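Inspection log for the structure reproduced underneath, given as structure tokens.
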């Protein structure tokens, strides 16, 4: 389906442009210039964030924090195997995908752990990365309550995932 | 806050990495930059394609038509955006792309939406209420088809790779709704405390 949607959107916009007698080629080029500029402006932020994110994921501290949190989460029968995924998800999209893949390979995609991890991965996003990239792209210095709300929302997502997977698959 | 977070990540990453686990901190530090280049390289063509196409949509008036049509719905979530403002077109394109699980295509619209929201905020360097709501909507990730997760499940031999789709949709809508409530709550608390 996606194979159709994107090309169709592009074609529709171009046909409508011709119909409205827009100088489509030159206008497109103008947009490309803007895209180029925006990407170049974005590079320093992405570069800086990737260094910080790589250092934190390579340092193994996530596993250490997970070990600290284990007793707490086993009390509410939350599978502690999923903790590294839940903690890494807001920080790094690529490393959380690696972890999801490991979990699915180890415990099986159709196990409770496998299903819960799949739902968590699907219903959350890389909050820290998105917030820093989006704000930096337009030069916002005071981010106010954004990160707090973003991270609390991630926590909510994990809790709701846990409840929902319990309701549907147990 | 990102300021501190960045510093903390680097400091903890290096110190903790040196003490435990990571036996090649220097390597992480030196090679992570190339990952940054890869990411920007994969983003550039998408940015150019979508901003180019959207420029045509904007010049032909299509974006305005869409913005006007979706005004009522979008303004329930973003009460501060004026009716029919072009930012509504970019915000809705971003949301639709995210829903389809096309995160990469959603980013150019998202960045463009942010710059439109900055214009609405008199180009100030303080984040506006609408910007934060928009980011919360993005980080809560409203997905209808979790494409990557499904393909990973297939890869690992799931007997029904799509069985999680319905649960994911319910979860993501519920958590996005709660996240938006949270955003509103924080907005009022913050306004009382600081403004």
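Listed residues A:100, A:87; which is part of a helix (DSSP H, G or I) and at the interface with chain B (Cβ under 8 Å from one of its Cβ atoms)? Lay out the reasoning, then the answer.
Values: A:87 fails: at the interface with chain B (Cβ under 8 Å from one of its Cβ atoms).
When all the criteria are applied, what remains is A:100.
In the range B:22-49, how many residues are in contact (Cβ under 8 Å) with a residue 60 or more places away in the chain and either more than 7 Å from chain A (Cβ to nearest Cβ) or farther than 24 Å from residue A:34 by Cβ (or both)? Spell out how you get there, then give the answer.
Of the range B:22-49, the ones in contact (Cβ under 8 Å) with a residue 60 or more places away in the chain are B:42-43, B:46-47.
This time we only want the ones that are either more than 7 Å from chain A (Cβ to nearest Cβ) or farther than 24 Å from residue A:34 by Cβ (or both), so: B:42, B:46.
Summing the residues that are in contact (Cβ under 8 Å) with a residue 60 or more places away in the chain and either more than 7 Å from chain A (Cβ to nearest Cβ) or farther than 24 Å from residue A:34 by Cβ (or both) in the range B:22-49 gives 2.
Would the range B:95-105 turn up any residue that is in contact with a helix residue (DSSP H, G or I) (Cβ under 6 Å, 6 or more places away or on another chain) and assigned to a loop (DSSP other than H, G, I, E, B)? Give the derivation first.
Start the filter on the range B:95-105 by keeping residues that are in contact with a helix residue (DSSP H, G or I) (Cβ under 6 Å, 6 or more places away or on another chain), which leaves B:97-98, B:101, B:104-105.
Remaining after also requiring assigned to a loop (DSSP other than H, G, I, E, B): B:101.
Yes, because at least one residue in the range B:95-105 is in contact with a helix residue (DSSP H, G or I) (Cβ under 6 Å, 6 or more places away or on another chain) and assigned to a loop (DSSP other than H, G, I, E, B).
Of the residues in the range B:104-138, how many are more than 24 Å from residue A:33 (Cβ to Cβ) and touching a residue at least 24 places away in the same chain (Cβ under 8 Å)? Spell out the reasoning first.
Here is the first cut: in the range B:104-138, the ones more than 24 Å from residue A:33 (Cβ to Cβ) are B:121-122, B:124-138.
Applying the additional criterion that residues be touching a residue at least 24 places away in the same chain (Cβ under 8 Å) yields B:128-130, B:132-134, B:136-138.
Within the range B:104-138, residues that are more than 24 Å from residue A:33 (Cβ to Cβ) and touching a residue at least 24 places away in the same chain (Cβ under 8 Å) number 9.
With respect to residue A:24, is the statement that it is more than 7 Å from chain B (Cβ to nearest Cβ) and out of contact with any strand residue (DSSP E or B) (no Cβ under 7 Å at 6 or more places or on another chain) true? Quick ask: steps written out before the conclusion?
Working: more than 7 Å from chain B (Cβ to nearest Cβ): no; out of contact with any strand residue (DSSP E or B) (no Cβ under 7 Å at 6 or more places or on another chain): yes.
When the stated conditions are applied, residue A:24 does not pass them.
Of all the residues that make up the range B:51-68, how many are crowded, with 19+ Cβ neighbours inside 10 Å and within 7 Å of chain A (Cβ to nearest Cβ)?
Going through the range B:51-68, the residues crowded, with 19+ Cβ neighbours inside 10 Å turn out to be B:51-60, B:62-63, B:67.
From the residues that got through so far, the ones that are within 7 Å of chain A (Cβ to nearest Cβ) too are B:51-57, B:59-60, B:62.
Going through the range B:51-68 one residue at a time, the tally reaches 10.
What helices (runs of 4 or more DSSP H) completely inside the range B:115-195 contain at least 3 residues that are closer than 24 Å to residue B:99 by Cβ and out of contact with any helix residue (DSSP H, G or I) (no Cβ under 8 Å at 6 or more places or on another chain)? Spell out the reasoning first.
Working: elements: B:129-140, B:147-155, B:165-194.
It comes to B:165-194.
Could you check the range A:28-66 and list, in sequence order, the residues that are over 22 Å from the mean Cα position of the chain (by Cα) and closer than 24 Å to residue B:17 by Cβ?
Across the range A:28-66, the qualifying residue is only A:64.
Are any of the residues in the range A:30-53 assigned to a helix (DSSP H, G or I), facing chain B (nearest Cβ under 9 Å) and within 23 Å of residue B:155 (Cβ to Cβ)?
The answer is no; no qualifying residue exists.
Read-outs throughout are calculated quantities, based only on the coordinates presented, and are distinct from any laboratory measurement. The shown structure was predicted, so the numbers you read here are calculated from the model rather than taken from an experiment. Glycine gets a Cβ as well: all are built from the backbone with ideal geometry, and neighbour counts include every protein chain shown.
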